[in-house]
């Protein structure tokens, strides 16, 4: 477990996991590009998520909805009116900052006793709310005037120029508008999706009509979402473009106990993270949303949190959204999205439980959890689960200037290539090759040496322990169990 996010960010850039977006032109804030190692890891996460939640289950089907959709979709969902963050601007240096982040950063830097000494406007902030803020160090559910009152109470200065000269807090919508065609106006207005969920709700009837599904069942989707928000700067933890893995699980609340179903999804999420991804249990916890934080239509919301270097933060959200979404789209579209129950002869509007995760955030968690400094052997190691590693096997000739060793190593590489993610490396000395593979998380490094030419065995080096064994070439794949 790493204690400094800067170390992971350095490794991600140095070893080709993640690059800053548009870097040669000075960059675009909160955008990132995935390099050769990063794209393989992200693909593995996406494929594993799909395999675990869709392929292995009988009650899940998948779709891939468009990333651009009619503005009416987002009017119906409430995003055009309520999908916003409170922002504040420094008049001196023009820094724009999310108000909740500004206040919570200040809270994290000060002790409760010190915070409690502040004088505040009791006509705006009640004593109960003030005490809750300083003890929980959270500000969910507060109004804009309450945000401003807290900033005044503690005289929170700008983190950039250190002046206390703020505009009033204001709401900024997070959706990205796009105009289709050559004529701007409401007829051409559309949005890049702010979440993948709405594509599943508006295609609910299509899926019911074209698939042999019946309640309870789920629709799953992975893909890009876009949110025009200002982030805390913790690398890829929160970005304006991100990959989601989302499920909408539909059920009849009269026949299925939502609490039992909710617990089932809690268990599935925990199992995926700990067993499939290999994340340590002690770095995870559940957090129940407060009434102020929870969306008004949600009956229960919990976050599975991971202990990132910057503290416990949301990894995966689980929400019981009731029948709000389907009802909204029925109301705004005029299309009947109810389901006929042949047993009761009645039509029902299904309720929904939604597990939703950012796949990029999973990638960051995996790198943080796997990052290890081996002080004894003076090396940095990414202890990735073998099925996630961008390179699962690296093949080396002991030296690159002996054709017989190079040719034999090429044979081994060609044999393994169809069976695992395999890399060839003949650069520099063998020690530097090992250190490079350790840093990108390669579980096994195979060296073809002079003994190989005599007995058809190779040296297999294990990433985590740096121990080595001789293994017959014909038994390599079975030995590594990839």
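The values are calculated or read from the model by the stated rules, or taken from the named source; none is laboratory data. Bear in mind that the values here come from a model prediction, so they are computed numbers and not experimental data. Cβ placement follows ideal geometry from the backbone for every residue including glycine, while neighbour counts extend to all protein chains displayed.
Any idea how many residues of segment 450-475 are farther than 13 Å from residue 381 by Cα, touching a residue at least 40 places away in the same chain (Cβ under 8 Å) and touching a helix residue (DSSP H, G or I) at 6+ places or on another chain (Cβ under 7 Å)?
4
Would you mind finding the one in 153, 118 that is surrounded by 13 or more Cβ atoms within 10 Å (Cβ to Cβ), out of contact with any helix residue (DSSP H, G or I) (no Cβ under 7 Å at 6 or more places or on another chain) and more than 19 Å from residue 290 (Cα to Cα)?
On the way: 118 fails: out of contact with any helix residue (DSSP H, G or I) (no Cβ under 7 Å at 6 or more places or on another chain).
The match here is 153.
In segment 31-63, which residues are over 27 Å from residue 275 (Cβ atoms) and surrounded by fewer than 19 Cβ atoms within 10 Å (Cβ to Cβ)?
First pass over segment 31-63, keeping only residues over 27 Å from residue 275 (Cβ atoms): 31-33, 35-36.
Result: 31, 33, 35, 36.
What's the number of the only condition in (1) over 25 Å from the mean Cα position of the chain (by Cα); (2) within 30 Å of residue 199 (Cβ to Cβ); (3) crowded, with 19+ Cβ neighbours inside 10 Å that residue 125 fails to meet?
The failed condition is (2).
Among the residues of segment 44-56, write down those that are over 18 Å from residue 206 (Cβ atoms) and touching a residue at least 40 places away in the same chain (Cβ under 8 Å).
The initial filter retains those residues of segment 44-56 that are over 18 Å from residue 206 (Cβ atoms), namely 44-53, 55-56.
Result: 44, 45, 46, 48, 49, 50, 52, 53.
Name the residue that is surrounded by the fewest Cβ atoms within 10 Å (Cβ to Cβ), counting only residues in segment 156-174 that are free of Cβ contacts under 8 Å to residues at least 12 places away in the same chain and under 19 Å from residue 233 (Cα atoms). I'd like the intermediate steps shown before the answer.
Narrowing segment 156-174 to residues free of Cβ contacts under 8 Å to residues at least 12 places away in the same chain: 157, 162, 164.
Keeping just the survivors that are under 19 Å from residue 233 (Cα atoms) gives 157, 162.
On the way: 157: 17, 162: 10.
Per the criteria, the residue is 162.
Would you say residue 239 is in the same structural domain as residue 352 (by TED's automatic domain parsing), under 16 Å from the mean Cα position of the chain (by Cα) and in a loop (DSSP other than H, G, I, E, B)? Give the derivation first.
Values: in the same structural domain as residue 352 (by TED's automatic domain parsing): yes; under 16 Å from the mean Cα position of the chain (by Cα): yes; in a loop (DSSP other than H, G, I, E, B): yes.
The answer is yes for residue 239.
Need the failing condition index for residue 350 against (1) touching a helix residue (DSSP H, G or I) at 6+ places or on another chain (Cβ under 7 Å); (2) farther than 22 Å from residue 221 by Cα, just the number.
Here residue 350 meets the rest and fails (2).
Filter segment 242-275 down to the residues that are crowded, with 17+ Cβ neighbours inside 10 Å and either closer than 20 Å to residue 367 by Cβ or outside the structural domain of residue 305 (by TED's automatic domain parsing) (or both) and list them by number.
Those that are crowded, with 17+ Cβ neighbours inside 10 Å and either closer than 20 Å to residue 367 by Cβ or outside the structural domain of residue 305 (by TED's automatic domain parsing) (or both): 242, 243, 244, 245, 269, 272, 273.
For segment 330-338, state whether one or more residues are part of a loop (DSSP other than H, G, I, E, B), touching a strand residue (DSSP E or B) at 6+ places or on another chain (Cβ under 8 Å), surrounded by 15 or more Cβ atoms within 10 Å (Cβ to Cβ) and modelled with pLDDT under 95.
No.
Residues that are closer than 30 Å to residue 214 by Cβ and not assigned by TED's automatic domain parsing to the domain that holds residue 236: list the helices (runs of 4 or more DSSP H) wholly contained in segment 28-134 that include at least 2 such residues.
Details: elements: 36-50, 71-77, 79-82, 99-108, 112-116.
The helices (runs of 4 or more DSSP H) meeting that bar are 71-77.
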